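Let me begin by presenting the structure, written as structure tokens, before commenting on it.
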Amino acid sequence: MPGLAAACSKLAEELVLARSTQEARELADVLPPSRIVHLDLPEHEQLTMY
């Protein structure tokens with residue numbers, strides 16, 4: 001997902017939901033941290049969000 005986020009310049013203007021700490025860290029490498037909402041979901045709930 002970070003590669004896709006980096007390729008979409010308009011995404012930096014939107015809020016992005018991160019399901020896990022790892023996903024939030026990866027997104028923070030390419031997006032402003034203020035645009036990332038870290039949901040910190042348990043693993044079994046992350047699997048249902050696609």
Members of region 2-34 that are open to solvent by 90 Å² or more (accessible area, probe 1.4 Å) and at pLDDT below 85: 4, 9, 10, 13, 14
Number of the condition not met by residue 37 [criteria: (1) at pLDDT 75 or above; (2) among the aliphatic types (A, V, I, L, M); (3) surrounded by 15 or more Cβ atoms within 10 Å (Cβ to Cβ)]: (3)
Residues within region 12-21 that are under 17 Å from residue 48 (Cα atoms) and in a helix (DSSP H, G or I), tallied: 1
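The values are calculated or read from the model by the stated rules, or taken from the named source; none is laboratory data. All figures in this text were calculated on a predicted structure; none of them were measured in a lab. Cβ atoms come from the backbone with ideal geometry, glycine included; neighbour counts cover every protein chain shown. The protein model used for the area step is the full one, side chains on, heavy atoms only, and it has no ligands, DNA or RNA in it. Shrake-Rupley method; radii C 1.70, N 1.55, O 1.52, S 1.80 Å.
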